1. Once every DSSP H run of n ≥ 4 in the protein assembly as shown is given -39500 (n - 2.57) and the sum is divided by its residues, what mean residue ellipticity at 222 nm do you get, rounded to the nearest 500 deg cm²/dmol?
2. Compare each residue of region A:4-28 in its chain alone against the assembly with all protein chains, and report those whose accessible area goes down by 20 Å² or more; 1.4 Å probe, heavy atoms.
3. Let me have the relative contact order for region A:164-273, percent, based on Cα pairs under 8 Å that are six or more residues apart.
4. How large, in percent, is the carbon and sulfur part of the accessible surface of region B:80-224 at a probe radius of 1.4 Å?
5. Which distance in Å, rounded to a whole number, links the C-alpha centroids of region B:86-106 and region A:112-135?
6. Please check region A:182-229 for residues whose accessible area, probe 1.4 Å, is lower by 20 Å² or more when all protein chains are in place than in their chain alone.
7. Leaving out ligands, DNA and RNA, what percent of the accessible area of region B:4-64 is carbon and sulfur, probe 1.4 Å?
8. List the residues of region A:171-197 whose backbone N lies under 18 Å from a point placed 7 Å from the Cα of A:Leu262 along the Cα-to-Cβ direction.
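The values are calculated or read from the model by the stated rules, or taken from the named source; none is laboratory data. Since the structure is predicted, the reported quantities are computational estimates derived from the model, not experimental observations. So basically every Cβ, Gly included, is an ideal-geometry build from the backbone, and we count neighbours across all protein chains shown. Accessible surface is based on the protein model in full, side chains and every heavy atom, while ligands, DNA and RNA are left aside. Shrake-Rupley method; radii C 1.70, N 1.55, O 1.52, S 1.80 Å.
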Amino acid sequence: MNGEIEILKPGLMTSIQDLGRNGLAYFAIPRSGVMDQNAAKIALLLLDMPVDCPVIECTTIAPTIRFHSSAIISITGVDLNWKLNDRNVSINQTIKIKDGDVLTGGYSKDKMRAYIAIKGKLQIEKIFGSYSTLTRALIGGKEGRLLKKGDLIQWEACEFSENNFKIYKGPEFHLLDKQSQDLLVNEPFTIASDTDRMGMRLKGPKLFSTSALSSSVPVLPGFIQLPQNGSPIIILQDGQTTGGYPRIAYIRNIDLPRLNQLTLNSKIKFTLAH
Amino acid sequence: MDSTDLHFKYYHDDFLIIESNDFKKLRSMARNIYEANFEFCEEVIAAETEVLIKLSRRLTTDEEALIRSIKGKKEIDFTTFTLPVYFDYDHKDWNHIKKVSGLDSSEFVDQILKLELEVSMYGFLPGFTYISGLPKHLQIPRKSIPEKYVSDGSLAIGGKYLGIYTISSPGGWNVVGQTPIQLIDTQQIPMLPWKPGDHIQLKLIDRPTFRKLAESQLSLKEYHS
């Protein structure tokens with residue numbers, strides 16, 4: 001569902017953050033991001049969302065937020081004595097919000113950080129690979145600043161579909177013939193019953209690689225191998241470290257927990273990312 | 001190694017593959033990268049044509065230069081191990097091996113026994129060994145569908161390699177024989193008695209000898225002494 005919130009009172013140092021900017025310290029760009037990654041990740045995981053999504057970070061004093069639409073949210077970190085329309089709400093659970101509801105809270109003396117996650121894709125821009133607000137440089141989040149009274153933040157319904165996985169081209173993607181490249185992303189695959197902790201075997205359209213490998217090559221969990229029989233295998237947690245089949249694609253680590261939860265015979269689909 | 005021989009391929013911030021056609025130098029470079037224990041390298045896996053480095057984040061240009069500056073050196077020291085193997089001609093994989101090679105099983109084994117074999121690399125699963133030195137006419141392609149179970153101690157051929165499965169696992173290689181020696185020690189790292197670069201000489205044993213050795217569960221060191 002699409003939606004919008006309005007900040008009625010900003011609380012203290014309330015800002016939009018995600019896991020931060022990687023690898024840019026070289027250019028004197030700080031990492032930024034949530035101050036308590038564990039609490040922020042829990043908020044997102046409660047909503048079955050990827051842990052690299054943006055959240056609202058609150059510090060010591062809770063903001064007051066009006067919802068202009070229904071929503072599903074979670075709140076984690078220190079308990080700021082949250083109330084939804086004057087009724088107490090607990091942290092660390094999913095909370096159903098109705099259009100017009102107002103979320104308020106108090107303050108905390110013993111711990112500092114609380115996180116609010118909203119199910120959906122927040123309509124803010126990524127800067128240098130992150131949504132995190134860095135107020136000193138005026139980048140990220142909402143106009144590079146802390147949230148203030150009157151701010152509106154929209155989100156878009158986003159099917160974080162449990163069975164859709166982004167894949168990236170593997171070292172031997174080019175060995176797939178053109179038709180197989182299309183089949184890989186256009187057709188669903190079924191998780192075969194002989195899947196185990198080493199590998200997830202997939203049933204579906206047969207894929208063909210134009211040549212075989214002459215030697216064994218390194219593989220990691222998430223790599224999709226293609227044996228000559230045409231049925232891909234995704235290397236999992238107990239997977240081998242080298243293998244002799246083309247590595248046509250890979251799934252990023254961040255998506256593996258979701259993949260590993262799927263039951264046998266589930267259908268999955270791949271989307272090729274660039 | 002002249003760094004111009006190396007090809008760096010980044011797969012986003014997820015992993016880096018360094019390719020080279022000088023296997024021995026690549027192998028020693030991989031060892032040096034592994035031992036340097038860089039905070040940005042989560043895993044280092046060395047294979048014949050490439051080293052894969054799992055990255056914890058994007059590398060800076062300085063860090064890439066640091067990796068490029070790591071040289072591989074020639075390996076000189078090696079140890080030669082004698083490994084007893086029982087060749088069971090009744091194993092079902094022999095049909096395929098005979099068909100591909102055009103040799104009958106005893107001829108095939110005679111030729112393997114004469115080879116000077118070298119431990120090429122670790123890989124696959126704990127205790128697995130890739131062994132190089134098979135001439136072209138003894139190379140048998142991997143099975144198109146991997147078997148769900150290959151028993152521990154199996155000596156098998158996968159393409160240009162001989163391999164030893166020291167623990168039972170799924171596998172796609174063609175089994176030629178069985179060693180009765182307890183090669184793996186799962187309480188230490190590395191788990192195998194040999195290291196890449198060491199030599200292996202295979203020694204033919206008959207079925208009664210195999211049984212006797214298997215019962216006594218000797219390590220390679222105990223067998224040699």
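1. Working: 9 runs with 80 residues, N = 499.
Per the formula, -4500 deg cm²/dmol.
2. So the qualifying set is A:Asn22, A:Gly23, A:Tyr26.
3. Working: 251 pairs, mean separation 44.8, N = 110.
41 percent.
4. On the way: 3530 of 6730 Å².
C and S atoms contribute 52 percent here.
5. 62
6. A:Asp194, A:Met198, A:Arg201, A:Ser214, A:Ser215, A:Ser216, A:Pro218, A:Leu220, A:Phe223, A:Gln228, A:Asn229
7. Numbers: 1230 of 2920 Å².
In region B:4-64, the share of accessible area belonging to carbon and sulfur is 42 percent.
8. Under cut-off, by backbone N: A:181-197.
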